[in-house]
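For reference, the structure is listed below as structure tokens.
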Amino acid sequence: MPRGAGGSGMGDMIRIRDVSERYGVSPRTLAYYEEAGLMRAGRIEGYAYRAYDEENVKRLEQILILRKLGIGVRDIRRVLESEGTRVVLEVLGAKARDIDEELGLLRELKEIVLEFIGRVEAADFKSEADVRALYDHARRLKVSVSGAEYSGNPSPANRLGAVSEGLERRAAERLSFPENILRRRLGNVYFLWGDSADAADELAGAYGAHVYHTCEHRARHAANADPSLQPGLFYFSEGDAGFFSREPADAMAGERAIVRDYTPMVIIDLIGLSAMHEKVICENDIDARLVLPYAAGAARIDDGGRGRENFLRIYASEVISRTGEGAERERLLAQIEAIRERFRLDDIIESRDLGVPRIARGEGDSAASIAEKVAELFGWGRA
């Protein structure tokens, strides 16, 4: 095996390819660990390829053990940089508590499922009354998810909302990226929300930026969704035929879950694009709180709610197509309008809290004029 130059202090060196084969870790993953600051490769004098010394191979073994225990990269770095056992015990203790919390949530979810199985087994599906009773029970479960009936009642039905939210939070926490990578790779990525699709395309032509419309990639991300990590996106990928048959608030909650779930997948795409283009614009929905600390710039194009939420327009169209004239249609359309206005107010509050500038778009404003305002905000010069 090649050795480092005499007196280098590097000791035996192992080529990255050999390390990859020995530990079953791809070179791409090894490069990721290097970029995250967990280990470092060197070069052997007289050889072109990069390699690891004995110390870094031992660090890799520690990394792999901690990763199998479900420890995140940030905590692994803390463990490797610390002396003694205090930090590793702290990290492992926190992981054990996380597992206890998730197990508790899963046990409660199991109780809910078993309780519903019992109702299904006892039902006579030839009996209209039994089918109606099951339907009514399902609606009560749905109401409890929204928290309308839950006020400390520990019954499985009324705990469903808290259980599902807890599991979603645990899943979201597993989808994380090292801060140094986000800061470095999203430093030339700009984000646009609101009525911004045509303005983003104008910016691309005038300033040489690459535009990534998140809506165009949703189906691709949904096809790769993991149900344990991205439940909202996974069910979208399953072609949930009843999605637009839900109550408007439930459907909108599902839409928000989809956005939350595909945000890490969008970030992966943006990291790749940022290396290929001088400027990248990410347009349309993404979890703003996750990306804004690392973005080069961001803005919301506010059209006063005239075209708010393409999702709600689609939902309204579905309501009109599946309901006849009458009270049911009017009830659903009224709910949609209430949701549209509430989310517009939420956008204003979120933009204020996150410090995202808002650009007003009047009915007569062209995409080109809005693009110029965005470019001025971002401090861009002509390509």
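Worth a mention:
- HN-Hα J in Hz across segment 52-57 - Karplus 6.51, -1.76, 1.60, θ = phi - 60°, x for Gly and Pro: 10, 7, 4, 4, 6, 5
- Computed lengthening from D226 to R97, 0.36 nm per intervening residue step minus Cα-Cα distance: 44.1 nm
- Near the amide H of D226, within less than 5 Å, lie no amide hydrogens of residues on another chain or at least 5 residues away, with H placed in the peptide plane.
- On the basis of the beta-carbon distance and an R0 of 35 Å, R86 and L106 show a calculated FRET efficiency of 0.70.
- For segment 37-96, GluC sites (Glu not before Pro) meeting the loop criterion (DSSP other than H, G, I, E, B) and having at most 11 other Cβ atoms within 10 Å: E83.
- Extension gain, E318 back to E372 (0.36 nm per residue minus Cα-Cα distance, nm): 15.8 nm
- Pair-distance distribution of segment 13-81: all C-alpha pairs, bin width 10 Å, starting at 0; shares per bin in whole percent are 20, 57, 20, 3.
- The modelled label-to-label distance between Y23 and A296, using points 7 Å beyond Cα along the C-beta direction, is 3.4 nm.
- Highest-first packing order for the peptide set 210-216, 261-267 is 261-267, 210-216, based on the mean count of other beta carbon atoms within 10 Å.
Values in this text are rule-based calculations from the coordinates and carry no lab data. Remember, predicted model here, so these are calculated numbers, not experimental data. Quick reminder, even Gly has a Cβ in these numbers, built from the backbone with ideal geometry, and neighbours come from all protein chains shown.
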